[in-house]
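Enquirer: Would you mind keeping the following structure in view while I ask a few things?
Since every read-out is calculated from the coordinates, none of them should be taken as a lab result. All values derive from a computational prediction rather than experimental measurement. Methodologically, a virtual Cβ is constructed for each residue, glycine included, from the backbone with ideal geometry; neighbour enumeration extends over all protein chains shown.
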Amino acid sequence: MITEYVSSIFAIMVICYAIIMYGLGTFFQLYLGKYFVKKDYSYQPTVSVMLSCFNEGETVYHTIKSMRESNYPIEKLEILAFDDCSKDDSFAWIQKAAAEFPNIKAVKNKQNQGKAHSVLDAAKMATGEILVGVDSDCIFHPNAIKELMACFAEPKIAAVGGRVGVKNSNVNWLTRYQTVSYALSFILLKSVENIFRKIQCLSGPLVAIRRECFFEVAPQVQRRHFLGVKVTNGEDRALTQMLLRAGYSTYLNIDSLCWTTVPTKLSEYVRQQLRWRRSAIGQWLDALVRLPVMLKNNTTLSALFSLMPVFVLMSWILLVITSWISGNLIETLNRVVIFHVIISPFIALFYNFFAKRYFKEDSLESTYALSIGLIVSSLWFPFSGVVITIFALCTLDDAGWVTRAEPENNIIKD
């Protein structure tokens, strides 16, 4: 039957993408290091860290503390900490940090406006040559800022991102799975884009941008809309895409580290992934619409990188549709699960070998525990591909973040 043949083609496309990208990423990391940015640690411009907080409580204090204990020169580093009308004592903790550490400005918004617009306000107050966006629930390595700045030796690079690790990696199977997912994505998957200075999404927890480049695209950030609804999330991917379409290069420095706390419960993880999927799909659709601009101002390769996730997503959706039409949907999903169950122990062995040898910060307690976590998480792939994707497509105009309490009085979650 032709639908069975077509579904096989889509399955091959998805598998080949994963094999090629992770395979190339491993090869690049091991053998092509000379093509990564040549860092200049003598370059130490003034830096303004922009932080927007909503209902983080004491966590925001430890975030600021870790940033203030950076190895970067104190006189060249200012922190602009905005509280976006939190309902808890977050602003009190920001004020405590401002009283204890130098060069910190504590600001409380008059009304809730979301992270993107708080960052825009912070940028107007900033005095630094380089603007650094951070998340208010992360802990930063002392060398994080220094590592970011060292990459601006290449004048064409407009923005440099850091690597995000997991603080609570060994809690259960879900956190172990997320630890592997984060590490492989930052260290391997993005290596291909990194070689060509075409990182498509610099993650919001840690990203540095040249001041003049930020203000060049700031008006676009301010007027972001999707399907008539003002967009207040996914600003990291959107900002990166705007810089690329403006003709700049972007880079990821995996030696610039920060750590975040990931969901420990499946319900929390599902809500987070739904939010991320909405944002990603919206940006991928935007990339399709603005493809001519990317081709004109950047390179064909950058346009290709921006469309690859759309291609894989559509291949997965079409795989599900053709399998359903041919009556083989359950069989197809079973094969997906079985395939991941089989390869999970090998991924665990490879990961722990790679992490212990090259990236000790991401090591996990045991290969056995990690294997179990990856096997259990195999059930996530068909659920994510079918349920999360379809629900995200049907709710793209939802402005909420769904990872915290429901908005009250039009509160926008950071």
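Enquirer: Given H placed on each backbone N at 1.01 Å, which residues far from Tyr72 in sequence or on other chains put an amide H within less than 5 Å of it?
Expert: Here the answer is Lys146, since their amide H atoms fall under 5 Å of that of Tyr72.
Enquirer: Let me ask you something else. Got a sec? Charge dipole of the range 36-265, +1 on Cβ for Lys and Arg, -1 for Asp and Glu; which of Val49, Val217, Gly133 is way out at the positive end?
Expert: Val217
Enquirer: Under a crude label model (7 Å from the Cα following the beta-carbon direction), how far is Lys34 from Met125 in nanometres?
Expert: 4.8 nm
Enquirer: Rg and Dmax of the range 36-265, using alpha carbons, in Å: what are they?
Expert: When restricted to the Cα atoms of the range 36-265, Rg and Dmax are 16.8, 47 Å.
Enquirer: Under a plain spin-label model, where a point goes 7 Å from the Cα along Cα-to-Cβ, how far apart in nm are Arg271 and Tyr41?
Expert: The modelled label-to-label distance comes out at 4.3 nm.
Enquirer: By the gyration tensor of its Cα atoms, with a ≥ b ≥ c the square roots of the eigenvalues, what is the shape of the range 268-311: rounded for a/c under 1.5, prolate for a/b over b/c, or oblate?
Expert: prolate
Enquirer: Would you mind calculating the relative contact order of the chain from Cα pairs under 8 angstrom and at least 6 residues apart, reporting the percent as a whole number?
Expert: Normalised by residue count, the contact order of the chain is 21 percent.
Enquirer: When the Karplus curve 6.51 cos²θ - 1.76 cosθ + 1.60 is applied with θ = phi - 60°, which whole-Hz ³J(HN,Hα) does each residue of the range 115-125 get, with x for Gly and Pro?
Expert: 4, 4, 7, 5, 5, 4, 5, 5, 4, 5, 8
Enquirer: Just to confirm a number: summing +1 for Lys and Arg and -1 for Asp and Glu over residues other than Ile390 whose beta-carbon lies under 13 angstrom from that of Ile390, what do you get?
Expert: Every neighbour counted, the sum reads +2.
Enquirer: Please list, in chain and number order, the residues 5+ apart from Lys108 or on another chain whose amide H is under 5 Å from its amide H, with Hs placed from the backbone.
Expert: Asp83
Enquirer: Take Val60, Val387, Val336, Val14 and order them by how many other Cβ atoms sit within 10 Å, fewest up front.
Expert: Val387, Val14, Val336, Val60
Enquirer: Measure out, as a whole number of angstrom, how far apart the alpha-carbon centroids of the range 231-271 and the range 166-190 sit.
Expert: When both Cα centres are located, 15 Å separates them.
Enquirer: Separate question: With θ taken as phi - 60° and the coefficients 6.51, -1.76 and 1.60, list the Karplus ³J(HN,Hα) couplings across the range 296-311 in order, rounded to whole Hz; mark glycine and proline as x.
Expert: Whole-Hz 3J(HN,Hα) from phi for the range 296-311: 6, 9, 10, 9, 4, 5, 4, 4, 5, 4, 5, 8, 4, x, 5, 4.
Enquirer: Another one. Using Cα pairs closer than 8 Å and at least 6 residues apart in sequence, work out the relative contact order for the range 36-265, in percent.
Expert: Here the relative contact order equals 26 percent.
Enquirer: Moving on to the next point. Step through the residues of the range 341-353 one at a time and calculate ³J(HN,Hα) from phi using the Karplus curve (6.51 cos²θ - 1.76 cosθ + 1.60, θ = phi - 60°), rounding each to whole Hz and writing x for Gly and Pro.
Expert: Karplus values, whole Hz, x for Gly and Pro: 4, 5, 7, 4, x, 5, 5, 4, 4, 4, 4, 5, 5.
Enquirer: Given charges of +1 on the Cβ of Lys and Arg and -1 on the Cβ of Asp and Glu, with all other atoms neutral, how large is the dipole of the range 36-265 about its Cα centre, in debye to the nearest 20?
Expert: 560 debye
Enquirer: Using the basic label-point model (7 angstrom from Cα toward the beta carbon), what is the Ile347 to Val312 distance in nanometres?
Expert: Each label point is offset 7 Å from its Cα along the Cβ direction, giving 1.1 nm.
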